[in-house]
Each structure stands twice: as structure tokens, then as C-alpha cells.
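Working notes, structure below.
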Amino acid sequence: MSVTPMTAYVADNLYYRINSPAIETEPSTDETASRTKEANSTSEDRVTFSAGLSLAQTREAIGLNPTGKLKLKDLEDVVQDRKDSVSVALTKTIQSLGIELDEEISLSLDSKDNISISGDFPEKSELEKALNENEEFITAFKQLSANKSILDHISQLQSNVQNIQVTLVDYFSSDTDFNDLLALADKYEGLKDSDNKMRSFLDLSSTQHPYSYNYVQDDNFE
């Protein structure tokens, strides 16, 4: 589903209520109370719509449906599709530049969200430049990185959860340091206060599980 219907709803309803011309008469007490209630309602709606739109935009930006229930398979499907796209585009770019690699290279996003390539080969700067000028490649790679980071983070959380019972038993029966588990609880408690939990979780995942795409020329050239 597109975010357009949501945007239209906001424009047709929220914007109208905020900007509708005032009636130039002295309001009665009941009218004043009604307008106060309406103003408060508008403020609350603005926050709700803003948060909803922000979440939808985040999901759409990383290649997911902007609305609806998400499943792990949705993220996995995006990862597989974008990985295929990245592989094909990267191979074509390398071929077009006449580059011959005798080593595995790794692609990742730097602090400015640009493609950065590991390794030390003569055409490295030329390849980085070509990839960073390819908007379709950049979009596919960013979506691949985002979804893979989230999946890796979820996998780590599942592993942590499986260890919680053992950790609790250790804590209450010995001098085991419990700080790591408490820090984990605090971290995810803080996510509940975010207006855009997907954005917050994505930022956390990307920080803790940054994605790198490994490429070997011999495996991709036909």
C-alpha cells in the first residue's frame, strides 16, 4: 500500500482543521469550550499522524510495505531480492570498467551512507565512484544493509532470550555479573518511548550489526 492515501487524509482533514478561518463573532462559553477541545484533539491527531507517517516512510525507505503487519519473511524476502540486484549490478559495473580482481572485496556503508570498498587494488576509487553515482545500486544496497542488520539483530536477541533463564539462575545462585542483562533490558525499554520504533530499532541494529557484502569475482563472472 502506498503512503499517498494517508498523506491525502492528513491534508484533507488535519490541515483543514488547523487552518480553517475563524468565525469573527464573540464565541459563547460553550463554543469556547468546544474550540478548546477541538484544539487539543487537533494537537493529539497531529502527533498521531506524524508518528504514523514517519513509521510508514521508514518502512517504505528500506523496501518494506509502509503499512500492515510485518513478518520476518518480509525482511528475508527484501534481503534476498536486493542481494541479487546488488550482485548483478556490481558484476556489470566491474566488467564495464575492465577490472580484474584477484582478491575478495567487501562493500559497506560509511558514516555518510556512501559505498566504501575494502581492499587495495588500482581501480578501487574508480569502482567506488561508479557505484556511488548509481542511484539504483545505492538504494538496493541500503535496503539490503538495513534489513540484514535488523535480521542479524533479531537473531542475536533470540539467542539472548534463550540464555536469560540460565543467566537468571546463575545470578540468584552465585556472584555472576548481571549488568549485561540489565543493560539489555534498559536498552529495549527505551525503544517504547520512541515515536518511530522501526527507525530506532534500525539505528540500533545498524550500529550493533553493520552489514558488509562480500564479493569474489570468480564466483560472479560467467
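The values are calculated or read from the model by the stated rules, or taken from the named source; none is laboratory data. Only a predicted model underlies this, so the values are computations on that prediction, with no experimental measurement involved. Positions of Cβ are generated from backbone atoms using ideal geometry, with glycine treated the same way; all protein chains shown enter the neighbour counts.
Note on region 119-139: among residues that are in a loop (DSSP other than H, G, I, E, B) and in contact with a helix residue (DSSP H, G or I) (Cβ under 9 Å, 6 or more places away or on another chain), the one that is nearest to TYR211 (Cα to Cα) is ASN134. Screening region 66-113 for residues that are closer than 25 Å to GLN208 by Cβ and β-branched (Val, Ile, Thr) and picking the one that is farthest from the chain's Cα centre (by Cα) gives ILE105. If you check LEU107 against the conditions, is it at pLDDT 95 or above, aliphatic (A, V, I, L, M) and within 18 Å of ALA146 (Cα to Cα)? So LEU107 passes the test.
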